[in-house]
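Trainee: Structure provided below as structure tokens; questions to follow.
The values are calculated or read from the model by the stated rules, or taken from the named source; none is laboratory data. These figures come from a predicted structure and were not determined experimentally. Cβ sites come from the backbone with ideal geometry, for glycine too, and all protein chains shown count toward neighbours. What goes into the accessible areas is simple: the full protein's heavy atoms, side chains included, and nothing from ligands, DNA or RNA. Shrake-Rupley method; radii C 1.70, N 1.55, O 1.52, S 1.80 Å.
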Amino acid sequence: MGSSSSALTRVPQAEQLMQETGFSPAHIVRLFDRFEFLDKERRGELRPQDFGAVKELAMNPIGDRIIGAFFPPGQETVDFPSFVRVLARFRPVDKNRSRDPTQPEPVNSRTGKLKFAFQLYDQDRDGKISRAELLQVLRAMLGMQVTEEQLQSIADRAIQEADLDQDDAISFEEFRKSLEKVNIDHKMSIRFLR
Amino acid sequence: MAWFVFPVDNLLCMCLCICVSAWFTLLLVFIIVPAVLGVSFGIRRLYMKTLLKIFEWATLRMERGAKEKNQHLYKPYSNGIIAKEPPSSLEQEIQELRGPASTLRSEPEFEMADIFYFCRRGVESIVDDEVTKRFSAQELESWNLLTRSNYNFRHISLRLSVLWGLGVLIRYGLLLPLRVTLAVTGIGLLLVLTTVVGFLPSGELRTYLSEKVHLMCYRICVRALTAIITYHNRENKPKNGGICVANHTTPIDVIILANDGCYSMVGQVHGGLMGMVQRAMVRSSPHIWFERSEVKDRHLVAKRLGDHVADKTKQPILIFPEGTCINNTSVMMFKKGSFEIGCTVYPVAIKYDPRFGDAFWNSSKFGMVSYLLRMMSSWAIVCSVWYLPPMNRQEGEDAVQFANRVKAAIATQGGLVDLLWDGGLKRAKVKDALKEEQQKLYSKVLVGDQEDQREDKPVEDEKPKDDESGPDSAEGQ
């Protein structure tokens, strides 16, 4: 370890990214290779259709939403630093992190992961998962396998259970509360090798 | 000044003549005659051992160079960037997400946490997926003195550069012309001799001669590529009236296998040189060439293949069921057509050693001619061929299951990853059916098995009938 590898010099904003995200130099280089692999036309940025090259993603029922999570509203392309910042949320939680209230919370904390998942539901980013948004996600995950009525009843029950202030929508706090018992670190983390 | 130029000219001519004749004599003695007779001097294996030693030395030098500069050597991670959990089913994962309290309920139950499963799978596949990396060349751990597989060129010392330069000279100046000459000789002989044999009347003599001719020409072609092949388990070699299936990495696979036995090839009719070769081959032994229009007609294809295997005097058919070239790290879905015919299947596993030259044909990057040039300017093509024991379709097994069984056997023997994905994904989009599979599986977790529900409510039939349309084939887990 010690000084950075020479391969790192071809990666834009490498040092800054490592500081922000906590990825090691080896991780950054590999992610850059993957980025360049997806960026077949060498434009230096990715568009939604470039993610289409990933076959396993096309099979995922919420594949489109996940791709959408990489593109902030209004933006049509994503460059490498933004790509890495999104993926940084999936790093395993740092257990030894000092709980310093003055420091901003890292993106891969439990709250950070919850926020990512919340945004998959809350597409219009108004801070609440409305009944309509919930129905959309359910329809995506179930496809044509359930009837409209079954879908409505599933949504009803879900909102009933989670909606504590009875406003027929699920806010972020209610979302967090309903997932208290879930081991989010395990389920929303990707272990990067070496 | 005429009198000055003339002797020099003469001298030059003489030198040239001597060189060329020496060249051709060497070629004949050391390469063509052994190829014709089927013997080997062992030169190629010696060459291979020497090269290996040089590569190891080169990699050590680069590591030393990198250490001196206090930097890291970039080692491509051929096994993947992320640690994937052992594959468990969708049901298992979702139950885990929900915790031990939830068990099978009678009412459909959705939890907000369910989305985590799909989310993580999605992001994992963005970072590293099993399929897309099979369609590009495998990355090497050590450098083999070819620029095309080098990632650490900042660490090359002067000595290494000299070695590399020498390598370029040898490969392009010596080996490439040699190989091109051999290839031309091989193909030319094939054309001429098969046509000659084709004039003989059908019978034992013709079959015998045609075998010899084919083997001889393929041996020359193998030397044209400097292919060093090790055949294992030759007692399992395919016999007449069977089909030989193998994993597909490159068009050269055909030459590798045909070097050791006679097969009937199956393929589309081409134009140009390939077409000429095809027509010549067909004159002396039965190959199966399809017109472009006939390829779509599956019944016609099956009938012709069936007729061929029914005739026990005809050679075994050679088929590559993947349908496309894969980069030799995995075996992808076998198309079931050849497994429906109902004859004995002889599986063959081919594994290339990428250190001497990557044999994979990336057809989206290179055309046929540039691919052949790359092949002929690498060091060598080293591969192992395993003949596996013959397999037959068992009772109660359908073609797809049989195909998967054969595929698993080939993957195990060759040390390749066995994938369920269709190689056609190289060019095509993922079918919606795969996404529907995932949706079906998830809905089962929520709503329970559709059959159970049906028993409970015999009167209502709102559920769509196409849930039970036959057994699911190859679940894409």
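Trainee: Test of the criteria: in region A:29-71, which GluC sites (Glu not before Pro) are in a DSSP loop and have at most 16 other Cβ atoms within 10 angstrom of their Cβ?
Mentor: Those that pass, being in a loop and sparsely packed, are A:Glu41.
Trainee: What is region B:146-287 by shape, rounded, prolate or oblate, if you read a ≥ b ≥ c off the alpha carbon gyration tensor as root eigenvalues and call it rounded for a/c under 1.5, prolate for a/b larger than b/c, and oblate otherwise? Before the final figure, lay out each step's value.
Mentor: Working: a/c = 2.70, a/b = 2.00, b/c = 1.35.
Note, shape of region B:146-287 comes out prolate.
Trainee: Give the residue list of GluC sites (Glu not before Pro) in region A:130-194 that are DSSP loop and have at most 11 other beta-carbon atoms within 10 angstrom.
Mentor: Hits after loop and neighbour filter: A:Glu180.
Trainee: Buried accessible area for the A:B pair, summed, 1.4 Å probe, in Å² rounded to 100?
Mentor: 5900
Trainee: Using a 1.4 Å probe, how large is the accessible area of A:Asp64, given in Å² and rounded to the nearest 10?
Mentor: It works out to around 120 Å².
Trainee: Quick one: 3J(HN,Hα) in Hz for region A:55-67, Karplus 6.51/-1.76/1.60 with θ = phi - 60°, rounded, Gly and Pro as x.
Mentor: Once rounded to whole Hz, the list reads 5, 5, 6, 5, 8, 6, x, 9, x, 5, 5, 5, 4.
Trainee: Per residue of A:144-154, count partner chain C-beta atoms within 10 Å of its C-beta, then hand back the mean as an integer. Write down the numbers at each step before the final one.
Mentor: Numbers: counts 7, 13, 8, 4, 1, 1, 6, 2, 0, 3, 6.
For this peptide, the per-residue mean of nearby foreign Cβ atoms is 5.
Trainee: Taking only C-alpha pairs under 8 Å that are 6+ residues apart, what is the relative contact order of region B:317-405 in percent?
Mentor: Details: 104 pairs, mean separation 33.3, N = 89.
The normalised contact order for region B:317-405 reaches 37 percent.
Trainee: Relative contact order for region A:115-194 using alpha-carbon pairs under 8 Å, separation at least 6, rounded to a whole percent?
Mentor: 29
Trainee: Pick out, in residue order, every one of the trypsin sites (Lys or Arg not before Pro) in region B:212-276 that is DSSP loop and has at most 14 other C-beta atoms within 10 Å; say none if there are none.
Mentor: Passing sites in region B:212-276 are B:Lys239.
Trainee: Need one word for region B:336-441: rounded, prolate or oblate. Basis is the Cα gyration tensor (sqrt eigenvalues a ≥ b ≥ c); a/c below 1.5 gives rounded, then a/b vs b/c decides.
Mentor: Details: a/c = 2.42, a/b = 1.35, b/c = 1.79.
Note, shape of region B:336-441 comes out oblate.
Trainee: Rounded, prolate or oblate: which one fits chain A, using the alpha carbon gyration tensor with axes a ≥ b ≥ c (rounded when a/c is under 1.5, else prolate when a/b beats b/c, else oblate)?
Mentor: Working: a/c = 2.46, a/b = 1.51, b/c = 1.63.
It is oblate, given that a/c is not under 1.5 and a/b is not larger than b/c.
Trainee: For region B:15-31, what does the Karplus curve 6.51 cos²θ - 1.76 cosθ + 1.60, with θ = phi - 60°, yield as ³J(HN,Hα) per residue in whole Hz, taken in order and with x for Gly and Pro?
Mentor: 4, 4, 4, 4, 4, 4, 5, 4, 3, 5, 5, 4, 3, 4, 5, 8, 10
Trainee: Give me the percent of accessible area attributable to carbon and sulfur for region B:20-71, probe 1.4 angstrom.
Mentor: Ligands and nucleic acids excluded, carbon and sulfur reach 69 percent.
Trainee: Ok, one more. Collect residues whose amide H, placed 1.01 Å from N in the peptide plane, falls under 5 Å from the amide H of B:Thr324; neighbours closer than 5 in sequence don't count.
Mentor: none
Trainee: Taking amide H positions as placed 1.01 Å from N in the peptide plane, with prolines and chain starts having none, which residues 5 or more places from B:Asp353, or on another chain, fall under 5 Å of its amide H?
Mentor: B:Val382, B:Cys383, B:Ser384
Trainee: Over chain A, what percent of the accessible surface lies on carbon and sulfur atoms, probe 1.4 Å? Before the final figure, lay out each step's value.
Mentor: Numbers: 4850 of 9640 Å².
Whole-percent figure for carbon plus sulfur exposure: 50.
Trainee: Give the distance, in whole Å, between the Cα centre of region B:30-67 and the Cα centre of region B:356-393.
Mentor: 18
Trainee: I'd like the mean, over residues of A:179-189, of how many other protein chain beta carbons sit within 10 Å of each residue's own Cβ. Intermediate values should be presented prior to the final figure.
Mentor: Numbers: counts 5, 0, 5, 8, 5, 3, 0, 5, 8, 7, 1.
For peptide A:179-189, the averaged partner shielding equals 4.
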